[in-house]
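Working notes, structure below.
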Amino acid sequence: MKYRILTGLLMGIFAAPVLCAANISVLVMESGENRESAEARYPVLWENGLLEIFFDAGHIVTNSPKVQIDGKFEDDFPAEAKKEFDNAREVGMDYFLVALIDYSTSVVVMRLFDIRSTKKVLEQKYKASTFRNSKDEYDKIKAAIRVMAAQL
């Protein structure tokens, strides 16, 4: 009996470092004009998908309010996200993820930044399809996010 308890404790000690979770702050940004009323729900689907998938993967996730900007996303790190990035740094987050939804090109770009070095760690582009069915689109969004979550 003592042997089993000792073995369980040793396995727990060696497994504990593997069980760390990353702290991720999420910001959804929109560019362009969303003409259809169905597209008004599109950023909410992305935000919910990001929170759900990263949380299910065992990470600690927070979100910031959605940001609408004029024009295109020219830089790797949008200037409009600086305030939220600084807030995430202050509260001790490890990563900052920006989901850029560009309605003019129907592309969503997810960029993951390391808080300490401010370097871009990962980038993934997703071609947004025509918004017909919320459930189908949400499933596609979650599949795209799982790819990024697996690399983290």
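The values are calculated or read from the model by the stated rules, or taken from the named source; none is laboratory data. What you see is a predicted model, and the numbers here were worked out from it, not measured in a lab. FYI the Cβ positions are ideal-geometry reconstructions off the backbone, even for glycines, and counts take in every protein chain you see.
Quick notes
- Selection status of T62, among the β-branched types (V, I, T) and either part of a loop (DSSP other than H, G, I, E, B) or in contact with a Gly (Cβ under 7 Å, 6 or more places away or on another chain) (or both): no
- Top-ranked residue in region 1-29 [being outside any helix (DSSP H, G or I) and modelled with pLDDT under 90; ranked as farthest from V98 (Cα to Cα)]: M1
- Residues of region 81-102 that are over 18 Å from R146 (Cα atoms) and either of a type in the set (S, T, N, Q) or in contact with a strand residue (DSSP E or B) (Cβ under 7 Å, 6 or more places away or on another chain) (or both): A81, E84, F85, N87, A88, G92, M93, D94, D102.
- Listed by first and then second residue, the pairs with beta-carbon distance under 8 Å, at least 6 apart or on different chains, first residue in region 59-72 and closer than 18 Å to V108 by Cβ, second assigned to a loop (DSSP other than H, G, I, E, B) and not hydrophobic (A, V, I, L, M, F, W, C), are I69/P78; K72/S104.
- If the condition is being within 11 Å of L27 (Cα to Cα) and among the charged types (D, E, K, R), then region 51-81 contributes K66, E80.
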